[in-house]
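Input: a single structure, listed below in structure tokens.
The values are calculated or read from the model by the stated rules, or taken from the named source; none is laboratory data. All values reported here derive from a predicted model rather than from experimental measurement. Reconstructed Cβ throughout: ideal geometry from the backbone, glycine too, with neighbour counts over all protein chains shown. Surface areas here come from the heavy atoms of the whole protein model, side chains and all, with no ligands, DNA or RNA. Shrake-Rupley method; radii C 1.70, N 1.55, O 1.52, S 1.80 Å.
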Amino acid sequence: EPVLCAESGAQEGECGGMEDDSEEYSSEQRARRPMNAFLLFCKRHRSLVRQEHPRLDNRGATKILADWWAVLDPKEKQKYTDMAKEVKTKLKEAEHSQ
């Protein structure tokens with residue numbers, strides 16, 4: 001069974017692991033991971049889940065998003081996979097330019 005985004009304690013509008021806000025590292029020093037295809041899907045569709053289920057907690061919303069992702073047309077999934085690759089490429093380029 002896949003690990004759902006809400007299990008990490010993400011806030012509304014976020015889907016994915018939360019970074020630790022420890023004082024040891026500043027945000028500039030931490031390696032940031034790009035969002036994967038599912039996280040991009042969550043970011044785009046979470047507001048729809050919230051509109052349809054306003055009293056649902058974040059974990060429940062993420063379960064619905066995971067269900068939607070599971071039945072999403074492969075061509076549509078590929079769009080998110082392509083977006084994720086683009087985000088990853090841009091992040092790497094930005095890291096190398098600093």
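Against the conditions (1) at pLDDT below 95; (2) of a type outside the set (V, I, T); (3) open to solvent by 100 Å² or more (accessible area, probe 1.4 Å), C15 satisfies every one except (3). Summed over region 72-98, the residues that are under 18 Å from the mean Cα position of the chain (by Cα) and of a type outside the set (D, E, K, R) give a count of 9.
Here is a yes/no grid of residues against (1) free of Cβ contacts under 8 Å to residues at least 60 places away in the same chain; (2) open to solvent by less than 80 Å² (accessible area, probe 1.4 Å); (3) of a type in the set (D, E):
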{"position": "F38", "(1), (2), (3)": "yes, yes, no"}
{"position": "H53", "(1), (2), (3)": "yes, yes, no"}
{"position": "A66", "(1), (2), (3)": "no, yes, no"}
{"position": "E76", "(1), (2), (3)": "yes, yes, yes"}
{"position": "K90", "(1), (2), (3)": "yes, no, no"}
